[in-house]
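A.B. asks: To start, I am sharing the structure in question, which I have written as structure tokens.
Nothing in this text is a laboratory measurement; each read-out follows from the coordinates by a stated rule. Predicted model only: the values in this text are computed from it and were never measured. Cβ: placed from backbone, ideal geometry, glycine included. Neighbour counts: every protein chain shown.
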Amino acid sequence: MFDHHKVELEWGGRPLTLETGKIARQADGAVLATYGETVVLATVVSEKSAREGRDFFPLTVNYQEKTFAAGKIPGGFFKREGRPSEKETLTSRLIDRPIRPLFAPGYKNETQVVLTVLQHDLENDPDIVAMIGASAALTISGVPFMGPIGAARVGYINDEFVLNPHVDEMEETDLDLVVAGTADAVLMVESEASELDEETMLGAVMFGQQAFQPVINAIIKLAEVAAKEPRDYVPEDLSELEATMGGLISDELAEAYKITDKGERYAAVDAAMRKVFETLYPEGAENPAWNPEQIKSVFKDLQAKVVRGNILKTKTRIDGRDLSTVRKIVSEVGVFPRTHGSAVFTRGETQAMVVATLGTGEDEQFVDSLTGTYKENFMLHYNFPPYSVGEAGRMGSPGRREIGHGKLAWRAVHPVLPEAEEFPYTLRIVSEITESNGSSSMATVCGTSLALMDAGVPLKAPVAGIAMGLILEGDEFAVLSDILGDEDHLGDMDFKVAGTAEGITSLQMDIKIAGITEEIMKIALEQAKGGRAHILGEMANALSESRAELGEFAPRIEVMNIPVDKIRDVIGSGGKVIREIVEKTGAKINIEDDGTVKIASSSGKEIEAAKQWIHTIVAEPEVGEIYQGTVVKTADFGAFVNFFGPKDGLVHISQLAPERVGKTTDVVKEGDKVFVKLMGFDERGKVRLSMKVVDQETGKEIERKKEKADD
């Protein structure tokens, strides 16, 4: 028999249960987390010892959604789950970010956290459940993890914060914020907001941090009865090596980080590294005191001390800026005239080349999720080629980082897009990072805003983004605006804020230490607000609002509505009618189930032709109106004319001409184009047409002469 332990609590109006000892017992830690009726299995396995020569911590987080969790069978030929979806990739990153800083310093044993969605109640998003499960599994695993952490989703509905809103409530919220942290501090924030102010965003973070405290207590309660013995792990003591290397290269590093040019600075740092290896690990040396991994680790620590100490002491950055100054910005639009919209945004040594493409309903992306299949009409694809940082490297499909950065930019811009009814286009953004030295994701936000405005997309307001950093030593700290790559790597925080002049649209925060306080977050948000305003001003030098018209090469889309009961007539048997309209007019046509018809083409004539064709199919002819038609058949008693879409009517022989007609074919033949007036309908509902009252040259009605009255 096995030891089965369970803790339960009421959280956010629903039961949360954490249990262990029943499933996946060979893992180092395994917890079954249930919230409402959503169930996630969280497992942790970590090597017993680190592989020799490893100079990094190989942590992998794999979040996976099984379609059986929602009673579905996967689509596609193979009928089994394949490569991770965007949601699975983003959730894996979401969980990785708050747990990674809490592993013991120097721990390098390969560790894998697997989160498997086993059941989805279609009300409670599994991502929060998975994050809580991961925290609990790590806490009881015996791995040197300085947790637990808690996590919560915060909504903002009717000006009130809502804890863990249901999936259907997310359509009403002005905020979708996920926050994770410990009992004392916040570690991670990810959000999308509808231009909320700094005070509201900070309030949401602190609301979430307070709300997940009962979850942390529940995990501790579970660990008290179910945790394994902590592993014997003592961080490696490299103080002697650090002292030796400090005496050897401290001056060189200090001088290197006074060089403002990135290339020259990196060359000086590399020279210092070579000096260390030549002295402490010379080629051919037998039994050196320290190995290359130890030397590299200490070298990075020395770099951090130099950079961080100098910033705290002088309030001056690596490139000579003060703490709040943003690097020089150059914005350009219309750089590729044949594309629908384009921009190049350059901030210091970071550059994003962004292109916007407008498409039709046919270009929408179908997304298959546990909650159902839906269509997405805004896509943002971010690419980070190796040449952007002066390196040669492998290029392939987008990795987790590219997907994550692209989604961050997507969240920042999404709140300011026009409604589909106002602007019925599918939008695709491609951001190519051509240079990178700090926050290419925020450069993508700025470039995307400019490219969309260049394309004529009526944004509610321009959006800009800025990355903030933090240096924290004891009680002393410095918040940095527009961080460089080095300040990101050697600092304690990556804090990205995007928004308009009115408010924040996206906030993302990652902490590399045990968390930060409300005071630091408040200062960072206020400083970011000033930086964002400056960047928006610089962007306005290129383009301050959306162009009034679409570009020459962009498709035009017009929308018309038809009765639902006429959809079948427009489509035709097997799609015959709509295919004919598309082939003959050249326009693209998309018909929704509610009768909304979107007609797209780069030619106004093609759109108008398609509109008229559809109109004749769905509309009813009006008595007294004149129509141009085609004679489709002749008979002794008159001619049949196709005059309104598929509708035919009879022109009686007496109505063919003002004068008496002896034979129908004396006046018309099959295929002739004629003008007819709809006179009405007979007792059987059949159409009565007349040619004799219409001038066949001009298509205008002939005025009848008034007969003289009898005296």
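A.B. asks: When the chain is fully extended, how far beyond the present Cα-Cα distance does Glu236 get from His489, taking 0.36 nm per residue of separation?
C.D. replies: Values: separation 253, 0.36 × 253 = 91.08 nm, distance 2.17 nm.
Length gained, Glu236 through His489: 88.9 nm.
A.B. asks: Strictly over 22 Å apart at the Cα level, which of Lys48/Lys512; Lys328/Lys522; Lys275/Lys315; Lys258/Lys315 would you flag in this model?
C.D. replies: Numbers: Lys48/Lys512 25 Å; Lys328/Lys522 26 Å; Lys275/Lys315 29 Å; Lys258/Lys315 13 Å.
Beyond 22 Å between Cα atoms: Lys48/Lys512; Lys328/Lys522; Lys275/Lys315.
A.B. asks: What is the local net charge at Ile73, summed over the other residues whose Cβ is closer than 13 Å to its Cβ (Lys, Arg +1; Asp, Glu -1)? Numbers along the way, then the final one.
C.D. replies: On the way: positive: Lys66, Lys72, Lys79, Arg80; negative: Glu81, Asp368.
Here the charged neighbours net out to +2.
A.B. asks: Find the eigenvalues of the gyration tensor of the Cα atoms of the chain, then list the square roots of 5 times those eigenvalues as equivalent ellipsoid semi-axes, largest first, in whole angstrom.
C.D. replies: Listed largest to smallest, the semi-axes of the chain are 66, 31, 22 Å.
A.B. asks: Report the local net charge at Phe640: Lys and Arg +1, Asp and Glu -1, summed over other residues whose C-beta lies under 13 Å from its C-beta.
C.D. replies: +1
A.B. asks: Run the quick spin-label model on Ala392 and Met560: label points 7 Å from Cα toward the beta carbon, then report their separation in nm to one decimal.
C.D. replies: My value for the distance between the label points is 5.9 nm.
A.B. asks: If you line up the long axis of helix 400-413 against the longest principal axis of the chain, both from Cα atoms, how many degrees apart are they, to the nearest 10?
C.D. replies: Tilt relative to the chain: about 60 degrees.
A.B. asks: Continuing with the same structure: As I understand it, the value is the acute angle between the Cα axis of helix 604-618 and the longest principal axis of the Cα atoms of the chain; what does it come to in degrees, rounded to 10?
C.D. replies: Once rounded, the angle reads 60 degrees.
A.B. asks: Need the full-extension length gain, Phe366 to Ala619, defined as separation in residues times 0.36 nm minus the C-alpha distance. One decimal, nm.
C.D. replies: Working: separation 253, 0.36 × 253 = 91.08 nm, distance 3.25 nm.
That pair, Phe366 and Ala619, stretches by 87.8 nm at full extension.
A.B. asks: Report Rg (one decimal) and Dmax (nearest whole number) for segment 626-690, counting Cα atoms only, units Å.
C.D. replies: Calculated on Cα positions, Rg and Dmax stand at 10.8, 30 Å.
A.B. asks: Separate question: If packing is taken as the average number of other Cβ atoms within 10 Å across a peptide's residues, how do 492-502, 444-454, 46-56 rank, most packed first?
C.D. replies: 444-454, 492-502, 46-56
A.B. asks: With an 8 Å Cα cut-off and a minimum separation of 6 or more residues, compute the relative contact order for the chain in percent. All intermediate terms of the calculation are to be shown ahead of the outcome.
C.D. replies: Details: 1496 pairs, mean separation 68.8, N = 711.
Relative contact order, the chain: 10 percent.
A.B. asks: Take every Cα pair under 8 Å in segment 239-314 that's 6+ residues apart, average their separations, divide by the length, and report that relative contact order as a whole percent.
C.D. replies: Relative contact order here is 38 percent.
A.B. asks: If you place +1 on the Cβ of every Lys and Arg and -1 on the Cβ of every Asp and Glu, how big does the dipole about the Cα centre of segment 5-226 come out, in debye to the nearest 20? Let's see the in-between values first.
C.D. replies: Values: 19 positive and 34 negative charges, 341 e Å.
So the dipole magnitude of segment 5-226 works out to roughly 1640 debye.
A.B. asks: Hey, what angle do you get for helix 262-280 against the long axis of the chain, alpha-carbon based, 0 to 90 degrees rounded to 10?
C.D. replies: So the helix axis and the longest Cα principal axis differ by about 30 degrees.
A.B. asks: May I pose another question? Can you give the net charge of the other residues whose Cβ lies under 10 Å from the Cβ of Val389, counting K and R as +1 and D and E as -1?
C.D. replies: -2
A.B. asks: If you don't mind, there's one more thing I want to ask. So, by mean Cβ neighbours within 10 angstrom, what's the order for 211-219, 341-349 with the highest one leading?
C.D. replies: On the way: 211-219: 20.7, 341-349: 24.3.
Per-residue Cβ counts within 10 Å, averaged per peptide and sorted highest first, yield 341-349, 211-219.
A.B. asks: Moving on. Order 554-561, 568-575, 91-98 from most to least packed using the mean count of other Cβ atoms within 10 Å.
C.D. replies: Descending mean neighbour count gives 91-98, 554-561, 568-575.
A.B. asks: Enter the mean projected area of the convex hull around the alpha-carbon atoms of segment 556-618, in nm², rounded to one decimal. Intermediate results must be reported in sequence, preceding the final value.
C.D. replies: Working: hull surface 14.2 nm².
Reported value for the Cα convex hull: 3.5 nm².
A.B. asks: Magnitude of the Cβ-charge dipole of segment 239-314, K/R +1 and D/E -1, about the Cα centre, nearest 20 debye?
C.D. replies: Working: 10 positive and 13 negative charges, 92 e Å.
Taking the Cα centre of segment 239-314 as origin, the dipole is about 440 debye.
A.B. asks: Another question, then. From the P(r) of segment 5-226, can you give the percent of Cα pairs sitting at distances over 30 Å? Mind dumping the intermediate values first?
C.D. replies: Details: 5505 of 24531 pairs.
It works out to 22 percent of all Cα pairs.
A.B. asks: How much length is gained on full extension from Glu224 to Lys313, taking 0.36 nm per residue of separation minus their Cα-Cα distance?
C.D. replies: Full-extension gain reported as 27.6 nm.
A.B. asks: Please report the base-10 log of the normalised intensity I(q)/I(0) for segment 329-540, using a Debye sum with one equal scatterer per alpha carbon and no solvent, at each q in 0.07, 0.10, 0.11, 0.15 (1/Å).
C.D. replies: Values, matching the q order: -0.22, -0.44, -0.53, -0.96.
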